[in-house]
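The values are calculated or read from the model by the stated rules, or taken from the named source; none is laboratory data. All values reported here derive from a predicted model rather than from experimental measurement. FYI the Cβ positions are ideal-geometry reconstructions off the backbone, even for glycines, and counts take in every protein chain you see. These accessible areas exclude ligands, DNA and RNA; they are computed on the full protein's heavy atoms, side chains included. Shrake-Rupley method; radii C 1.70, N 1.55, O 1.52, S 1.80 Å.
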Amino acid sequence: MKIKAINGFKDILPEDIAIWRTIETVCRDIFARHAFREIRLPILEKTELFARSIGEATDIVEKEMYTFTDKKITMRPEATASLLRSFIEHGLHVSRPIQKLFTVGPMFRHERPQKGRLRQFHQIDAEVIGGSEPQIDAELMAMGQMMLNELGLDASLEINSLGCRECRPSFRSALVAFLDKSQDKLCDNCKRRSTTNPLRVLDCKKQSCRDLVADAPSILDHLCDECDTHFKQVQHYLDLFSVRYTLNHFMVRGLDYYCRTTFEFLTGDLGAQAAIGAGGRYDGLIEQLGGPPLPAVGFAMGIERLSLLLQNKADGVTPEPESDIFIAVLGERAEQTGSKLANALRAKGGRCGIDYSGRSLKAQMKIANRNRARLVLIIGEQELDKGEAILRDMQTQEQSSFTLKSNIAENCTELLKISANVLTTTEL
Ligand code: HAM
């Protein structure tokens, strides 16, 4: 019996890596331009950390966490809580009043797997801790938009404000009163949520609930003056930064720690899994977790979803060649010369392939092709007697003679120069 991967846990195969690296490279570069620093965090945390931050009455904490109940530890379902735990534990606020941090890695949620929804998935997560200014919210959204633009992806940005501890209770009461009138029309899940976490009803995907909440009160009509001004300022700065967005007062997010600004980057190309990135402000959470009373805002992009979108693009990511030069050898003497040259080339920074199994030239050329090699240096016994090899440009199929000098370093320099030239002409 073959052992297969667990449902919802996916291998990222060598063929997928070019896209994953592109996503990470683009995002890391944009983080650097925005003065974000990387932080790496453990995958296991105390269960209580997630229960206290994400919220006891959320789907994540109620049913999606991978928890070792005997040890009271959980595989992180998201990065924000872990990052804050680390921030508080190491007193990171002492060294800088504003900390801009990012982290990349796997998260775990026991959801029903489908396209774009996995049980182990990866996030690129960004958090700005220490500032409540609306400019920070807008700048973060502009940064997310920049990532999508530079990856060549289209997405729409939806924003909302969830108010604060002062104004949300009045909205909650208005919503509960509204939902009470139509209890019988709500789906079973929402009947339960209307008492445990009524805001989540606004987010239900069932058409009957959607129809019902279309007339529900809007949080935006219940914001206190401070939250209202903050949200208007966020919109002002989004306009100033030329970031396009729409207001969606039904957006409540699946994590309870948010206050004020929330946002989602959405796509129409991934069916039900429309959110490719999402986040918001969570002032008060750090204090609630035992840290200083610092405001903060952040978001996370889902790498699998970005990757699916890039795969679908006709002009998506071209994988990099695996070799600059492939050395095809025919015969034992050629193999000696070729292998020495291959290792010297690698030591000088060249990407070099060689096959030692004595295959025919045709078979070796096939391997070179599969390696996407730019150049193949063919070393045969006869050529070797003349101190020569054949150099084949895999793009143009042109062949020329290459003089093998006794000084191996000279051969390397010459080959690397030719390969760099091939690279520039193909890129032009
Ligand atoms: P989230 O909305 O739960 O927010 O997840 C953010 C993104 O992670 C989603 O938009 C999606 O792209 C991806 N994602 C979530 N669940 C899955 C899944 N099961 N399979 C594949 N991708 C998934 C958070 O996690 C917050 N911590 C974001 C944040 C950071 N808020 C403030 N700072």
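General observations
- Those residues of the stretch 286-324 which are under 30 Å from Lys366 (Cβ atoms) and touching a Gly at 6+ places or on another chain (Cβ under 6 Å), in sequence order: Leu310, Ser323, Asp324
- Residue match in the stretch 40-53 (condition: open to solvent by 20 Å² or more (accessible area, probe 1.4 Å), on the phi < 0 side of the Ramachandran plot, part of a loop (DSSP other than H, G, I, E, B) and among the acidic types (Asp, Glu)): no
- In this structure, Lys100 does not qualify as more than 15 Å from the ligand (Cβ to nearest atom) and assigned by TED's automatic domain parsing to the domain that holds Phe299.
- Test for Glu62: is it in contact with a helix residue (DSSP H, G or I) (Cβ under 7 Å, 6 or more places away or on another chain) and not polar (S, T, N, Q): no
- Hey, Ser82 open to solvent by less than 20 Å² (accessible area, probe 1.4 Å), away from the ligand (no atom under 13 Å from the Cβ) and not in a strand (DSSP E or B) or not: no
- Considering Ile136, Ile159, Ile129, the condition of being open to solvent by less than 10 Å² (accessible area, probe 1.4 Å) and either within 19 Å of the chain's Cα centre (by Cα) or within 30 Å of Pro217 (Cα to Cα) (or both) is satisfied by Ile159 alone.
- Condition met for Leu238 (within 28 Å of Glu56 (Cα to Cα), assigned by TED's automatic domain parsing to the domain that holds Met143, of a type outside the set (Val, Ile, Thr) and buried (at least 21 other Cβ atoms within 10 Å of the Cβ)): no
- Figure legend. Inter-residue proximity from the stretch 122-142: first residues in the same structural domain as Gln99 (by TED's automatic domain parsing) and within 14 Å of the ligand (Cβ to nearest atom), second residues assigned to a helix (DSSP H, G or I) and open to solvent by 20 Å² or more (accessible area, probe 1.4 Å), beta-carbon distance below 6 Å, spacing 6+ or different chains. Indicated pairs: Val128/Ile136.
- Hey, Leu212 surrounded by 15 or more Cβ atoms within 10 Å (Cβ to Cβ) and in contact with a Lys or Arg (Cβ under 7 Å, 6 or more places away or on another chain) or not: yes
- Selection from the stretch 183-194 of residues that are of a type outside the set (A, V, I, L, M) and crowded, with 17+ Cβ neighbours inside 10 Å: Cys190, Arg193, Ser194
- Members of the stretch 54-69 that are within 26 Å of Ile98 (Cα to Cα) and either among the acidic types (Asp, Glu) or part of a loop (DSSP other than H, G, I, E, B) (or both): Gly55
- Out of Ser194, Ser242, one residue alone is assigned to a loop (DSSP other than H, G, I, E, B) and without any contact (Cβ under 8 Å) to a residue 24 or more places away in the chain. It is Ser242.
- Look at (1) part of a helix (DSSP H, G or I); (2) within 15 Å of the ligand (Cβ to nearest atom); (3) of a type in the set (Lys, Arg) and you find that Arg210 fails only one, number (2).
- Matching entry among Leu375, Leu345, Leu341, Leu330 (being open to solvent by less than 40 Å² (accessible area, probe 1.4 Å) and over 30 Å from Asp16 (Cα atoms)): Leu341
- Some residue of the stretch 3-21 being open to solvent by 60 Å² or more (accessible area, probe 1.4 Å), of a type outside the set (Ser, Thr, Tyr), assigned to a loop (DSSP other than H, G, I, E, B) and closer than 30 Å to Ile286 by Cα: no
- For the stretch 97-120, the set of residues classified as of a type in the set (D, E, K, R) and either modelled with pLDDT of 95 or more or open to solvent by less than 70 Å² (accessible area, probe 1.4 Å) (or both) consists of Lys100, Arg109, Glu111, Arg112, Arg117, Arg119, listed by residue number.
- Any chance Ser95 is in the same structural domain as Ala142 (by TED's automatic domain parsing), hydroxyl-bearing (Ser, Thr, Tyr) and in a loop (DSSP other than H, G, I, E, B): yes
- Test: Gln123 is among the polar types (S, T, N, Q) and either surrounded by 18 or more Cβ atoms within 10 Å (Cβ to Cβ) or outside any helix (DSSP H, G or I) (or both): yes
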